[in-house]
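The values are calculated or read from the model by the stated rules, or taken from the named source; none is laboratory data. Quick caveat, the model's predicted, so the values are computed rather than measured. All Cβ positions, even for glycine, are placed from backbone atoms using ideal geometry, and neighbour counts span all protein chains on display.
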Amino acid sequence: MANDGSADVVIAGTGIVGCLIAEQALDAGLSVLMLEAGPRVDRWRIVENYRNLPPSLRLFHWDAPYPPKPWAPHLETRKEKEQEQYLQLEGPNARAYLQGYVRYAGGATWHWAGLCWRITPEDMRLKSLYGVGRDWPFTYEVLEPYYTRAEHAIGVSGPSDPALQWPPNAKRSKPYPMRPLPFGPGERRLTEVAAKVGMINLPAPQARNSGVSYHGRPPCCGNNNCFPVCPIAAKYDAATALPKLEAKGGRILANAVVYRIETGEKNGIEAVHYLDPDKASHRVTGKVFVIACNSIETPKLLLFSKNDRNPGGIANSSDQVGRNMMDQPKLYAELELAEPLWTGVGPVQSSSILNTSQGDFRKDYTGAMFRMENFARSYVGAAAALKKRLVGKALDKEIRRLSACTARLTVEHEPLPLPDNRLTLSDKKDWLSINKPNIYYDVGDYVRRSAKEYTVPKLRALADGLGATSFQLSPEFFNSDHIMGGCIMGADAKTSVVDPDCRAHDHHNLFLPGGAAMPSGTASNSTLTMTALALKAADAIVDQLRHG
Amino acid sequence: MEISSLLIPHHLHEEVGNRIGAAMSALNPSLSEQVAGLLAIARNKNARIVEEFFPDVPEGPLKETALAIISAWYLGVVQDADDAEVFAFEYALMYQPTRDVMTIPSYAISGPNAWPADAPPLENMPDF
């Protein structure tokens, strides 16, 4: 077994969390080695992959341009019959955990929407305020400066007018570095209609360069292709960070699948072991170890690494590793409209309704985020019109009508951290003989009650306001790809996996930052919060290595 | 290309047409006979646009082939299924009827923040 080197900070995962920690460590003069399970790829390759997808795979099959390597499997969305299914899912809402992430260098930010909502002070105190879920072990005031740093680190555009900011009741310590992106016609119309039914459609803070270049990346020009890939890197994705990390002396090893975390004296982490595509094993030592592989891959690795001293898995004396799996259960409504709601202008998502996620009702049922989808519906309209066997002028007219006068409204519900929503190791193994993840998922009554009494009626009200002539609700809950909770944060080591700095309670030199640490799922996209936690962990890591 | 021009009243790229022809022939050995059949119906009616002869195309293989040719030009694939070869994206006609508003994904027509919040009337139809 080769001993492949060493660094002060060893990071598994080159997504947004790993990259932000790497940069801060390098800037502090520490050495950094990053291990990425999947390959490095060039942007042009992904754009070509996307453009060569048949039209039916260009929407919603967000992993289709990212065929996984055999040693780094992720959800396949290219083949209809996904026989080599990687994620083993069970439970009444198995479908809602069909998570699409990308095991490539750069991670899931390759195909994220780019939305950067902050959570609210109330979101962090569900237990105290509403008697459900968990409280965060610190307040919004502690998190706020990290949000600011995150927004500047990745380049977030957002409103300077406090009336348009979120959270509505928490003062920002700094303005957004860039102004909001303009709405297209659909979003403008939706904003007007939504206001009439008490739903406030705000311009979304987003990691998309607005009007100017930022950190060497160009401004958004409305390619309307944010997922599955921004052709020009106007949307932040972590792959753009990698050359900068190497320029600062960071080492990045691609196609290196970490499969074991090795403990040693005082149950500290001694090393991690990884397999290369030839299935040869390598050992890497370090002073501090960061596992930032997302809230499925990180708990999976911790459980797989169990040893005599840690029989329940690394960092798992609490038995919470792999539990509390969260995502926002999603419903959507397909509408036909009398008047156009033009999509396809500007980014694919540029606004959301969040006032519906807050309120006293949260003691009874959950809150949610609403939005219209802004991806161009031209293919959707064309496919429907062609099915009608129209030709000539009638075909063109119907394509235009069905593209413009149909819409998709989405609602994403806040989940609760439920211990039975759990990741364990499946008996099925992958190409490297690592157990595939098995996840049991049930959205729970707190969510179901909300759908019945609150969110679906609200969707109908919004649809009515838009003049919908038909309304088709999705048959079940779907995934939102915001994987959270599997290494939950708390002050008490008996009931949580990591401390307020995302340091494992059980191992003084192991950090597990990201979505996995979030004690509440909230209704909004998790990435900015994950990024803030990454920076908080980075502060703790640098402090720990400088001062012992 | 002749039958395509008759079935679709728009500017058609010859390169795309050649690829459609090749892909469809590979899937359908009767393609050239069917195309000849469609052309005969069109000539019979002195048709110059599709509306002038399409009602006379009988249900069955001839009509299905005509619709398949139209679909291929609009979608840019012969079959919209996994592993299909894509021979047109930017030139796929499906994007043209809304080209005045909706971006062809990944082919931006705008500049930094330069897209409008106004849209032309639904009754408009871009030239193509």
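The single residue among A:Glu262, A:Glu336, A:Glu270 that is within 14 Å of chain B (Cβ to nearest Cβ) and assigned to a strand (DSSP E or B) turns out to be A:Glu336. Condition first: at pLDDT 95 or above, touching a helix residue (DSSP H, G or I) at 6+ places or on another chain (Cβ under 9 Å) and closer than 30 Å to A:Asp445 by Cβ. Can you find one or more residues in region A:386-396 that meet it? No, every residue in region A:386-396 fails to be at pLDDT 95 or above, touching a helix residue (DSSP H, G or I) at 6+ places or on another chain (Cβ under 9 Å) and closer than 30 Å to A:Asp445 by Cβ.
Determine, yes or no, whether A:Ala382 is within 12 Å of chain B (Cβ to nearest Cβ) and under 20 Å from A:Gly465 (Cα atoms). Taking the combined requirement at face value, the residue does not satisfy it.
For (1) facing chain A (nearest Cβ under 10 Å); (2) more than 18 Å from the chain's Cα centre (by Cα), each residue gets a yes or a no:
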| site | (1), (2) |
| --- | --- |
| B:Ser30 | no, yes |
| B:Ile41 | no, yes |
| B:Gly60 | no, yes |
| B:Thr65 | no, no |
| B:Ile70 | yes, no |
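Taken together, the criteria place A:Trp44 among residues that are surrounded by fewer than 23 Cβ atoms within 10 Å (Cβ to Cβ) and aromatic (Phe, Trp, Tyr). Residues in region A:214-233 that are surrounded by 21 or more Cβ atoms within 10 Å (Cβ to Cβ) and either on the phi > 0 side of the Ramachandran plot or among the β-branched types (Val, Ile, Thr) (or both): A:Gly222, A:Asn224, A:Val229.
How many residues are in contact with a Cys (Cβ under 9 Å, 6 or more places away or on another chain), part of a loop (DSSP other than H, G, I, E, B) and among the hydrophobic types (A, V, I, L, M, F, W, C) if we restrict to region A:503-548? Summing the residues that are in contact with a Cys (Cβ under 9 Å, 6 or more places away or on another chain), part of a loop (DSSP other than H, G, I, E, B) and among the hydrophobic types (A, V, I, L, M, F, W, C) in region A:503-548 gives 1.
B:Gln79 meets each of the listed conditions (1) within 7 Å of chain A (Cβ to nearest Cβ); (2) assigned to a loop (DSSP other than H, G, I, E, B); (3) touching a Pro at 6+ places or on another chain (Cβ under 8 Å) apart from (1). Considering only residues of region A:464-492 that are among the acidic types (Asp, Glu) and in a loop (DSSP other than H, G, I, E, B), which is farthest from A:Arg323 (Cα to Cα)? The qualifying residue farthest from A:Arg323 (Cα to Cα) is A:Glu476. Every test in (1) over 30 Å from A:Glu336 (Cα atoms); (2) within 14 Å of chain B (Cβ to nearest Cβ) is passed by A:Thr424 save one, and that test is (2).
Residue pairs whose Cβ atoms lie under 9 Å apart, sitting 6 or more positions apart in sequence or on different chains, and linking a residue in region A:495-508 that is on the phi > 0 side of the Ramachandran plot to a partner that is modelled with pLDDT of 95 or more and in a loop (DSSP other than H, G, I, E, B), are A:Cys502/A:Cys487; A:Cys502/A:Leu512; A:Cys502/A:Pro513; A:Cys502/A:Gly514. No other residue among A:Gly490, A:Gly467 is closer than 29 Å to A:Glu339 by Cβ and either surrounded by fewer than 24 Cβ atoms within 10 Å (Cβ to Cβ) or out of contact with any helix residue (DSSP H, G or I) (no Cβ under 7 Å at 6 or more places or on another chain) (or both) apart from A:Gly467. Taken together, the residues in region B:1-17 that are surrounded by fewer than 17 Cβ atoms within 10 Å (Cβ to Cβ) and part of a loop (DSSP other than H, G, I, E, B) amount to 4.
Within region B:102-109, is even one residue buried (at least 19 other Cβ atoms within 10 Å of the Cβ), facing chain A (nearest Cβ under 7 Å) and among the polar types (S, T, N, Q)? Yes, because at least one residue in region B:102-109 is buried (at least 19 other Cβ atoms within 10 Å of the Cβ), facing chain A (nearest Cβ under 7 Å) and among the polar types (S, T, N, Q).
Per this entry, A:Thr109 is not counted among residues that are more than 18 Å from A:Ala534 (Cα to Cα) and among the polar types (S, T, N, Q).
Before we move on, is B:Leu67 touching a residue at least 24 places away in the same chain (Cβ under 8 Å) and among the hydrophobic types (A, V, I, L, M, F, W, C)? Criteria not met by B:Leu67.
A residue that is surrounded by fewer than 21 Cβ atoms within 10 Å (Cβ to Cβ), within 14 Å of chain B (Cβ to nearest Cβ) and β-branched (Val, Ile, Thr) cannot be found anywhere in region A:234-256.
Collect the residues in region B:85-100 that are facing another protein chain (nearest Cβ under 7 Å) and under 14 Å from B:Ala22 (Cα atoms), keeping them in residue-number order.
So in region B:85-100, the residues facing another protein chain (nearest Cβ under 7 Å) come out as B:86, B:89, B:94-95, B:97-98.
Scanning region B:85-100 gives a single hit, B:Val86.
Exactly one residue out of A:Val10, A:Val47 is of a type in the set (Val, Ile, Thr) and away from chain B (no Cβ under 14 Å): that is A:Val10.
For (1) at positive phi; (2) within 11 Å of chain B (Cβ to nearest Cβ); (3) under 19 Å from the mean Cα position of the chain (by Cα); (4) in a loop (DSSP other than H, G, I, E, B), each residue gets a yes or a no:
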| position | (1), (2), (3), (4) |
| --- | --- |
| A:Val41 | no, no, no, yes |
| A:Leu53 | no, yes, no, yes |
| A:Leu59 | no, yes, yes, yes |
| A:Asp63 | no, no, yes, yes |
| A:Pro70 | no, no, no, yes |
| A:Leu75 | no, no, yes, yes |
| A:Tyr86 | no, no, yes, yes |
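B:Asn113 meets each of the listed conditions (1) loosely packed, with under 15 Cβ neighbours inside 10 Å; (2) within 7 Å of chain A (Cβ to nearest Cβ); (3) not hydroxyl-bearing (Ser, Thr, Tyr) apart from (1). Checking the structure you have, find out if any residue of region A:273-284 is aromatic (Phe, Trp, Tyr) and out of contact with any helix residue (DSSP H, G or I) (no Cβ under 8 Å at 6 or more places or on another chain). Yes, some residue in region A:273-284 is aromatic (Phe, Trp, Tyr) and out of contact with any helix residue (DSSP H, G or I) (no Cβ under 8 Å at 6 or more places or on another chain).
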